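Let me begin by presenting the structure, written as structure tokens, before commenting on it.
Quick note: the coordinates plus some simple rules give every number you see, no bench work behind them. Because the structure is predicted, anything quoted here is derived from the model rather than measured. Glycine gets a Cβ as well: all are built from the backbone with ideal geometry, and neighbour counts include every protein chain shown.
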Amino acid sequence: MDASADPNAAPRADDSLAPVESLPTTVILPNRGFLGAELVELWAYRELLGFFVWRDIKVRYKQTALGALWAILQPLLTMVVFSLFFGKLASMPSDGVPYPIFSFAALVPWTFFANALAASSNSLVGSANLLRKIYFPRLIIPLGAVFAGVVDFFLAFLVLLGMMAAYGIMPTANIVWLPFLLILSVAAALAVGLWLSALNVEYRDVRHTVPFLVQLWLFATPIAYPSSLLAEKWRIIYALNPMVGVVDGFRWALLDTETMPGPTLLASSSATLVLLVAGLLYFRRMERTFADVV
Amino acid sequence: MSSELPMNPGLPMNPGLPMIRVEGLGKKYKLGSRGGTYNTLRERIGGAVKSRLGRGAESEEKSEFWALRDISFEVPRGEILGMIGRNGAGKTTLLKLLSRITAPSEGRAEIRGRVGSLLEVGTGFHPELSGRENLYLSSAILGMRKSEIDQRLDEIVEFAEIRRFLDTPIKRYSSGMRVRLAFSVAAHLDPDVLLVDEVLAVGDFAFQNKCLGKMGSLHDSGRTILLVSHDLSVIRRLATRVLWIDGGKIAGLGETVETIAAYLESGSNELQMGGRLSLTEHAGRSPRFKPVFQEIRLGGSDDPGLLPMGSDLEFELHFEADRELHDVNPIITLEDREGIDVYSMSSKMAGGPVPEKIRSGVFRFKLEAPPLNPGVYYLTIRLLEGRRHVDMIERACSFEMVGRDVYGTGEVMDGQWGFLAWPSIWQLEDRS
């Protein structure tokens, strides 16, 4: 695929036809080019990515009575339940922070991750009609599904800041790390989403697996409990779960918990990177036949 | 490149590089993965076990088939190449390969310039979004920049005739409005190469004509178009050359009139006079329609197989829908061998019945002594509900008009006198 065949090339004056020789050529071959060309093409289609994100956000809360409030209610109600059962009844330790804020600081990135994962996993199948009828870089679809969740994340994050103010907790200077942590959770959701969405095209088993997977993952991540409950020697292996780094990072940056997230973050980031690159390669191998199979 | 070299005699003189060059293109499908059923991991695991046991390899090969193979052709700039062939011949597969929706299994293709593809109108529309929002979304999906859309917004809305409903969610649009908006977006893409599949079969006649006009003007401004249509009259009107695909291979490529004639001659659904033909699985029905027409019967002649000039032609159209239909109006079109429309009539136009509410029934009609010269004629039937098509079968059947001494001169008409049988009076003034 020639990357210069940018379908979004600048519009030209209507009547002047450029000579054939000067037009960019699209070459169609059984095998696709190298991954780089595809990423260049993805950049050329960035506007379409924007449109997909905008559509998903716009449509998500259409004909709902509560609208965007859902973005806040989901982590908020989970927090209430967790505080009752784990905080009050089970007296779960919470690294010296009030339990409600302890769990909410984790639930905000977690809710984003869980929703983005589910949305991207089903994204290709949900866009089957597009896949069969139009060409554009297929990556845009799971990518858009993940990005669309970021807006919900910010709404919930505002509530988190409000709660912190109510509890009289000032964020630490480590808050500058938050953007990185957000990117890490986007990358993690995308990495898993790429695998699952591509698998879902061929095996609809994925659709039934995702809710179950998310549930298990929730307990494999220090959301209801602190990771300090684990023995020191298991911590690095534990941190191969990308969300461990994200959640511990959030608490450390906002609530100044004692967990030093350095090694944890390193392990989580590396795991995410490996998963993401492998996911991209797998996705790329499968995308050639999406239209035939979906 | 020297222009003095003799050109390939089969191709028109078109110096310069082609806009589309296809070389040995082929596409292989696995049979199991093509149908509506999807694989489950369980099946995959079961299959893996089977092949371990040594039984899988054989069935693997049998379950593949080539939807398209050894396709090579070139399209020079400014051409409208019409693509014809039966359902399942591979036309749509070829368009999908060229628009990069799916990757070929072998061969290569090159396309120059910006490619716009229109394999289905309204792809990417979201029912909850307004007309304006869908317009932007759909344009972006088809490859337009936001700045371009802004520029052409008025033009697109004007063409689609939906200005009043621009901010209404399109779930409240009629299907006709949706089609108009969708086509309008696509028509304003301004690509160098436009790939179009069968999109004109929907919508009302007036708008269809407008779309055809738009394609003509795209062509006039030097755009190259690859057009698939079941409607041979569309191909005849627009195409500068025709590519005929049959069974995944090129069956013919050349001059429009000749290629269409060859295609029509290659197979027919000949219906004997006084006979009946089931229409439930007719190859001329576009896949988008669920069968409503069930059967067609011909009567009106004692001589089976042939209709002598001057006799009445009678048809019965048996139809049955899976729901109540409203304002049902059948349309018949007669085409001659070369695909020229000879005659069209609807029950409504003829002052016949247009039932307000019906699910199943039989329309009978009689053409009184059709003034047609000898030759084979094809009957295309449509069923409209209001202004919307609920079924349509291209060349549902054919019949042959046989010559007779209709003018009482002892001369029998044959097929060389045009299609219209029209009595005339000849006089001579002898001034010798």
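So here's what we get for this one:
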item	result
Average partner coverage of B:119-126, which counts Cβ from other chains inside 10 Å	4
Cα→Cβ-extended label distance, 7 Å offset, between A:PHE180 and B:GLU23, nm	5.1 nm
For region B:375-392, 3J(HN,Hα) per residue [Karplus equation, 6.51 cos²θ - 1.76 cosθ + 1.60, θ = phi - 60°, Hz, x = Gly/Pro]	x, 8, 10, 10, 10, 9, 10, 10, 10, 9, 10, x, 10, 9, 6, 10, 7, 7
Angle between chain A longest axis and helix A:99-126 axis [Cα atoms, degrees, rounded to 10]	20 degrees
Length added when fully stretched, B:LYS249-B:LYS171, from 0.36 nm per residue minus Cα-Cα	24.0 nm
Residues A:ALA128 and B:GLN294, FRET efficiency given R0 of 51 Å [Cβ-Cβ distance, rounded to 0.05]	0.95
Proximal charge balance of B:ILE20 [Cβ under 14 Å; K/R count +1, D/E count -1]	+3
Antiparallel bridges, percent of DSSP beta bridges restricted to the protein assembly as shown (to nearest 5)	75 percent
A:LEU66 versus B:ASP430: modelled label distance in nm, points set 7 Å from Cα along the beta carbon direction	10.4 nm
Relative contact order of chain A, defined on C-alpha pairs under 8 angstrom at six or more residues apart (%)	22 percent
Convex hull of Cα atoms in the protein assembly as shown, direction-averaged projection (nm²)	44.7 nm²
Residues B:SER63 and B:GLU338, FRET efficiency given R0 of 56 Å [Cβ-Cβ distance, rounded to 0.05]	0.90
Euclidean distance between Cα centres, region A:72-129 to region A:26-69, Å	26 Å
Average projection area in nm² (convex hull over Cα atoms of chain A, one quarter of hull surface)	19.0 nm²
Pair B:THR240, A:LEU266: separation of 7 Å Cα→Cβ label points (nm)	6.6 nm
Length released on extending from B:PHE365 to B:ARG276, taking residue separation times 0.36 nm less the Cα-Cα span	30.5 nm
Dmax and Rg, reported as Rg then Dmax, of region B:86-159 (C-alpha, Å)	15.3, 43
Cross-link pairs beyond the 19 Å C-alpha cut-off, checked among B:LYS27/B:LYS96; A:LYS62/B:LYS146; B:LYS214/B:LYS249; B:LYS28/B:LYS91; A:LYS133/B:LYS171; B:LYS146/B:LYS214	A:LYS62/B:LYS146; B:LYS214/B:LYS249; A:LYS133/B:LYS171; B:LYS146/B:LYS214
Gained length - B:SER72 relative to B:ARG108, 0.36 nm times residue gap less alpha-carbon distance	12.0 nm
Backbone N under 12 Å from the B:LEU420 label point (7 Å along Cα→Cβ), restricted to region B:320-357	B:342-343
